[in-house]
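A.B. asks: Here it is, the structure in full.
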Amino acid sequence: MRRPFVAVLLCLLIPGLGAAQASHRIAIRAGKLIDGKNDRPLENALILVEGDKIVSVTPGGSAPTGVEVIDLSKATVLPGFIDVHTHVLLQGDTTAEEYDAQLLKESIPYRAILAARNAQIALSHGFTAMRDLETEGAMYADVDVKKAIANGEVPGPRMQVSTRAMTPTGMYPLLGYSWELKVPTGVQYVDGVDGARKAVREQVMYGADWIKYYSDRRYHFESDGVLHSMVNFTDEEAKAIVDEAHRLGKKVAAHAIGSDGIAAALRAGVDTIEHGDGLTEALMDEMARKGVYWVPTITVGLYVAPGRGGNWQKMADLQRENFPKAMKKGVKIALGTDAGGFDWKTVNQAKEFEYYAQYGMTPMQAIRTGTAVAADLLGWSDKAGTIEAGKWADLVAVSGDPLKDITELEKVKFVMKGGTVYKDETH
């Protein structure tokens, strides 16, 4: 109790002390600046940071006297990366055995410790913000991780969280165990319109920023060549989830892989389609018309396909075919990796940028999916996603030119979040 009192007293006794502490300024000299807005990089730009915000961006500007200078004149500076589909409480689930072991053998406190580690890994790779799309049986532990980061207890990205995803009873692991055993489930079971509304209210009460539900399962190809699926919720149940979330000021993400699940989610009015392997051109048109975001999560699809077998590789191939079609139709594509579906320690989330470039985007377009577009999806376009005055001072730097070699984004050398440097390997 004494330390805050002493700090306040010193500020009263020494005029200007509080202002000086609050207005620490840093000037960053960027050799090249990809600001997330302009189609071309700015050369030799000066970024002035005060506190946790960007004050100004000036091509060729001079640093004010007495300001700390960070020399990134030999680097390319970009906005902090944003991953809008992660699972910090999961460590890979290619097989059912991997998934089951985590829920059966690891306590929620232990999983939360690993989640804090995962958040730090993400930040070190340049991801200064993430949307975490369910705790996979760890209840509301994502809210605690988000809070610990926000309070400065552990380093990590800014987070929006969705707590427990929803399915109807019996439609998500853990499954297949004796009915005599009460085993944990990876989701919250929700049945009926009233149950759907109550579940949304409960999750919001405990800290959910987003609501996520599983629109479908049992993905299969039929004679029409389309990837189909079995829809989980009735239309009335799904619409109740979405309507209640929107009424409470929250948005909704739908896990929807097959065309039937995607169509059902769009009928319900969701804000984002996660995975979306089975998109048809008609569904793409509908998404573009409604402004619904597609989060393809290509990294995880390619990662799990060899281990899962069956249709998974064919589904991944279908995504590659659909990607340029969705681009051409104007579907808003935001970067999401499904990190946690693969081990955080073995795959760099920035690999997703590379796939988008391989699938038809220019490097600049790919960069925007994980900066400006992702920030817009999160409702943070006034705070993040671009490097300009008034935005959070969330910046990363790489040694090379990602417009020539997109894989440079997997080799981040410098990370600043909110004006604080968390990584600097530029020297």
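A.B. asks: Would you please give the residues with an amide H less than 5 Å from that of Met166, counting only those at least 5 places away or on a separate chain, with H modeled from the backbone geometry?
C.D. replies: Gln188, Lys212, Tyr213, Tyr214
A.B. asks: Could you work out [θ]222 nm for the chain from helices alone, using -39500 (n - 2.57) per DSSP H run of at least four and dividing by all its residues? Round to the nearest 500 deg cm²/dmol.
C.D. replies: Numbers: 14 runs with 151 residues, N = 427.
The helix-only estimate for the chain comes to -10500 deg cm²/dmol at 222 nm.
A.B. asks: Return the subset of Lys147/Lys328; Lys345/Lys391; Lys212/Lys345; Lys239/Lys383; Lys37/Lys413 for which the Cα-Cα distance in this structure is over 28 Å, preserving the input order.
C.D. replies: Values: Lys147/Lys328 40 Å; Lys345/Lys391 30 Å; Lys212/Lys345 25 Å; Lys239/Lys383 31 Å; Lys37/Lys413 22 Å.
Violating the 28 Å limit, Cα to Cα: Lys147/Lys328; Lys345/Lys391; Lys239/Lys383.
A.B. asks: First measure r as the distance between the Cβ atoms of Leu114 and Arg308, then evaluate 1/(1 + (r/R0)^6) with R0 = 22 Å and state the FRET efficiency to the nearest 0.05.
C.D. replies: Numbers: r = 23 Å, r/R0 = 1.05.
The calculated FRET efficiency here is 0.45.
A.B. asks: Ok, one more. Over the alpha-carbon set of the range 116-189, work out the extent along each principal axis and list the three values in angstrom, largest first.
C.D. replies: 44, 21, 19
A.B. asks: Something else about it: Apply the Karplus parameterisation 6.51 cos²θ - 1.76 cosθ + 1.60, with θ equal to phi minus 60°, to every residue of the range 121-137 and state each ³J(HN,Hα) to the nearest whole Hz, in sequence, with x for glycine and proline.
C.D. replies: 4, 4, 5, 5, 8, x, 8, 8, 8, 8, 10, 9, 9, 3, 8, 6, x
A.B. asks: Let me ask something else about it. Which one of Pro59, Pro402, Pro41 has the biggest mean-square fluctuation once the chain is modelled by GNM with Cα springs under 10 Å?
C.D. replies: Pro59
A.B. asks: Here's another thing I want to ask about it. On a 0 to 90 degree scale, rounded to 10, what angle separates helix 96-105 from the longest Cα axis of the chain?
C.D. replies: In the chain, helix 96-105 runs at an angle near 70 degrees to the longest axis.
A.B. asks: Considering amide H positions built from the backbone, and no H for Pro or chain starts, which residues 5 or more places from Gln160, or on another chain, come under 5 Å of its amide H?
C.D. replies: HN-HN under 5 Å from Gln160: Met130, Arg131, Asp132.
A.B. asks: Can I ask one more? Taking neighbour counts of Cβ atoms within 10 Å as a proxy for exposure, in what order, fewest first, do Lys383, Lys105, Lys328 appear?
C.D. replies: Working: Lys383 16, Lys105 8, Lys328 12.
Fewest-to-most ranking of Lys383, Lys105, Lys328: Lys105, Lys328, Lys383.
A.B. asks: In whole Hz, what ³J(HN,Hα) sequence does the range 286-301 give by Karplus (6.51, -1.76, 1.60; θ = phi - 60°), x for Gly and Pro?
C.D. replies: 5, 4, 5, 5, 8, x, 7, 7, 10, 10, x, 6, 5, 4, 5, x
A.B. asks: Set the Förster radius R0 to 45 Å, insert the Cβ-Cβ distance between Glu98 and Arg40 as r into 1/(1 + (r/R0)^6), and round the FRET efficiency to 0.05.
C.D. replies: Details: r = 45 Å, r/R0 = 0.99.
Efficiency, rounded to the nearest 0.05: 0.50.
A.B. asks: Starting from the 7 Å offset along Cα-to-Cβ, what nm value, one decimal, do you get for the label separation of Leu174 and His24?
C.D. replies: Those two pseudo-labels are separated by 4.6 nm.
A.B. asks: I've got another one for you. Give me the angle, in degrees from 0 to 90, between the Cα long axis of helix 312-328 and the longest principal axis of the Cα atoms of the chain, rounded to the nearest 10.
C.D. replies: So the helix axis and the longest Cα principal axis differ by about 60 degrees.
A.B. asks: Taking 25 °C and 0.890 mPa s as the conditions, I'd like the Stokes-Einstein D for the range 81-377 in µm²/s, using the Kirkwood hydrodynamic radius from alpha carbon pairs.
C.D. replies: Values: Rh = 19.0 Å.
Result for D is 129 µm²/s.
A.B. asks: So which trypsin sites (Lys or Arg not before Pro) in the range 170-199 end up in coil per DSSP with only 11 or fewer other C-beta atoms within 10 Å? Before the final figure, lay out the partial values.
C.D. replies: Details: sites: Lys182, Arg197, Lys198; in loops: Lys182.
Answer in residue order: Lys182.
A.B. asks: Using a basic spin-label model with each label point 7 Å from the Cα along Cα→Cβ, how many nm lie between Glu388 and Val183?
C.D. replies: According to this spin-label approximation, the distance is 5.1 nm.
A.B. asks: While we're on this one: Just to be sure I follow: if Rg is taken over the C-alpha atoms of the range 135-247 and Rh is the Kirkwood radius over the same atoms, what is Rg/Rh?
C.D. replies: Values: Rg = 16.4 Å, Rh = 15.7 Å.
Radius of gyration relative to Kirkwood radius: 1.04.
A.B. asks: ³J(HN,Hα) across the range 386-402 via Karplus (A = 6.51, B = -1.76, C = 1.60, θ = phi - 60°), whole Hz, x for Gly/Pro?
C.D. replies: Rounded to whole hertz, the list is 9, 9, 7, 4, x, 7, 4, 7, 10, 9, 10, 9, 10, 6, x, 10, x.
A.B. asks: Once the Cβ-Cβ distance between Ser381 and Leu248 is put in as r, and R0 is 22 Å, what FRET efficiency do you end up with, to the nearest 0.05?
C.D. replies: Working: r = 21 Å, r/R0 = 0.97.
Between Ser381 and Leu248 the formula returns 0.55.
A.B. asks: Something else about it: For the range 144-211, state which chymotrypsin sites (Phe, Trp or Tyr not before Pro) are in a DSSP loop and have at most 15 other beta carbons lying within 10 Å of their beta carbon.
C.D. replies: Working: sites: Tyr177, Trp179, Tyr189, Tyr206, Trp210; in loops: Tyr177, Trp179, Tyr206.
Answer in residue order: Tyr177, Trp179, Tyr206.
A.B. asks: How many nm is it between the label spots at Ser399 and Lys147, if each spot is 7 Å from the Cα in line with the beta carbon?
C.D. replies: 4.2
A.B. asks: Antiparallel versus total DSSP beta bridges in the chain: what percent is that, nearest 5? List each step's numbers first, then the result.
C.D. replies: Values: 30 of 63 bridges.
In the chain, DSSP labels about 50 percent of beta bridges as antiparallel.
A.B. asks: Just how far, in whole angstrom, is the range 220-270 from the range 61-113 if you go by their alpha carbon centroids?
C.D. replies: The range 61-113 and the range 220-270 have Cα centres separated by 29 Å.
A.B. asks: Also, I was wondering about something else. In degrees between 0 and 90, to the nearest 10, how far off the longest principal axis of the chain does helix 259-268 point, with axes built from Cα atoms?
C.D. replies: 70
A.B. asks: With charges set only on the Cβ (+1 for Lys and Arg, -1 for Asp and Glu), what does the dipole of the chain come to about its Cα centre, in debye to the nearest 20? Don't skip to the end; give the middle numbers.
C.D. replies: Values: 48 positive and 55 negative charges, 234 e Å.
Roughly 1120 debye, rounded to the nearest 20.
A.B. asks: Amide H of Phe414: which non-local residues (sequence gap of 5 or more, or other chain) have their own amide H closer than 5 Å, using H built in the peptide plane?
C.D. replies: Ala397, Glu425
Each reported figure results from applying straightforward, stated rules to the coordinates on display, with no laboratory input. Since the structure is predicted, the reported quantities are computational estimates derived from the model, not experimental observations. Positions of Cβ are backbone-derived with ideal geometry, glycine not excepted, and every protein chain shown enters the neighbour counts.
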